[in-house]
Amino acid sequence: MSDKTGLHLETLAISHGYDPQSGQGAAKPPIYATSTFVYRSAQQAKDIHEQFFDGPESEGAKRLAGEPEAYIYGRLGHPNLTMVEARLAALDGAEESAAFNSGMAAISTTLFALVRPGDSIVHSRPFYGGADNLIHNVLTGFGVNAFSFLDGLSEASIQAALDEAAAAGPVSVIWLETPANPTAALVDIALVVRLAKALGERQGRTPIVAVDNTFLGPLLQSPLAEGADLCMTSLTKYCAGHSDLLAGGVSGSAELIKTIKALRTLKGAHLDAQTAWLLLRSFETLPVRTARACDNALKIATYLRAHPKVRGVTYVGFRDEPEAVALLARQCRGTGSTFSVRLKGGEAECFRFLDRLRVLRLAVSLGGTETLICHPATTTHYAVPAADRAASGIDDGTMRLSVGLEHPDDLIADLEQALEAV
Ligand SMILES: *Cc1c(COP(=O)(O)O)cnc(C)c1O
């Protein structure tokens, strides 16, 4: 993959968005630890505000032409935020990006910026619990209608959800998560984009198609290249990659990102300078981390699938139906490193197994350098009624793994000795 300048993502991940000349030649970006910015003159202050509020065509912006990017106050924007956003936009193949203090801040700001009372939202299923809660328990309280589909490869299934939604109110956003966890469900993004355009003709307004790209990240999937309008990523996971910070990003057209950033300023959901700087470091190694995590995941998933105490492994790379294989070849450049494994047995067997692990760490979240494992029924999905859990592919024997960068033999040896306890 390469961008319009011809540079590959691996190259853009290293230094795009930082010009050493802007930082007194420092090879690495300074951390701009400041809440506010000092003006040279009252006229410059006015020009900067004109540019911020009235855009690049304003008189103020014209007077500032050729000067370094101007800032006002940290919540509106700051140099480290600009660097992170430039790098994320390059990796996502986007005109612009907005960075937030968490993935949920990115999701909630995006939805509140784009959805109005009376509108309908359509989403794929299963999808991230926080987004589910936001749409079904918060946005519905503001008069938003929510509908979903389960089979993201079936035109009929997606169309049925869109028709049902459009009957309740104009569909303003279609929210997709692909691949989804823990079922390894896939959504054909280009198919949804085509159906959204057709619906747009009928309802007089084309729904915004937004994709949660967290599980694969920018190296393995480019939703915007498939025609989506927005690509959202919980940067907390693979992009930050060290389980030591929270951040989120949304990429898309300059026009959409401007609308989303306007609400971000009012919510105070921007990413701070220190965390933005850490994230810039993390991006540099994202390509190599992604490749190694994918290799390890395939080895671990293959080992687990063949183990007599394992009932099944739900891993994107094991999907073998022709439609899924064709979609993966067209839409993804890898199958990621988060998957679920189902033991023969239930909670007791899982707990005995989990308590014996020494290398794998028992924690929620994913995408870090270390391998994490959790028991969703009693942790991430604790609050979800058992019937709904079952419908999303989680039973008492299901565990989710996020495979990290350790030596795969050590991970397999640890799993082996812990499985003996089951
Ligand atoms: C973690 C996660 C989020 C939310 O991100 P935070 O950074 O925790 O707010 C959204 N979507 C997916 C798929 C996630 O895994």
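Any read-out appearing in this document is the output of simple, stated calculations on the displayed coordinates, not a laboratory observation. Remember, predicted model here, so these are calculated numbers, not experimental data. Reconstructed Cβ throughout: ideal geometry from the backbone, glycine too, with neighbour counts over all protein chains shown.
A few notes on this one:
- For Lys309, the lysines whose Cα comes closer than 30 Å to its Cα, not counting residues fewer than 8 places off in the same chain, are Lys237, Lys299, Lys344.
- Residue by residue, segment 372-381 carries 3J(HN,Hα) couplings of 10, 9, 8, 10, x, 4, 10, 10, 4, 10 Hz when phi is fed to the Karplus relation 6.51 cos²θ - 1.76 cosθ + 1.60 (θ = phi - 60°); x denotes Gly or Pro.
- Segment 88-205: C-alpha gyration tensor shape, a/c 1.5 cut-off, then a/b vs b/c: rounded
- Cβ charges +1 (Lys, Arg) and -1 (Asp, Glu), total dipole of the chain, debye: 400
- Spatially proximal lysines relative to Lys197 (Cα-Cα < 28 Å; intrachain offsets below 8 disregarded): Lys4, Lys258, Lys261
- Sorting Cys350, Cys239, Cys332 by the number of Cβ atoms found within 10 Å of their own Cβ, with the fewest placed first, yields Cys332, Cys350, Cys239.
- Anchor Lys62: aspartates and glutamates whose Cα lies under 17 Å away (excluding residues fewer than 8 positions away in-chain): Asp47, Glu50, Asp54
- Between Val250, Val288, Val84, the residue with the greatest mean-square fluctuation in the GNM of the chain (Cα pairs under 10 Å linked by springs) is Val288.
- Computed from Cα atoms, the angle from the helix 79-92 axis to the main principal axis of the chain rounds to 50 degrees.
- Selection from Gly248, Leu362, Leu81, by position along the positive dipole direction of the chain (Cβ): Leu362
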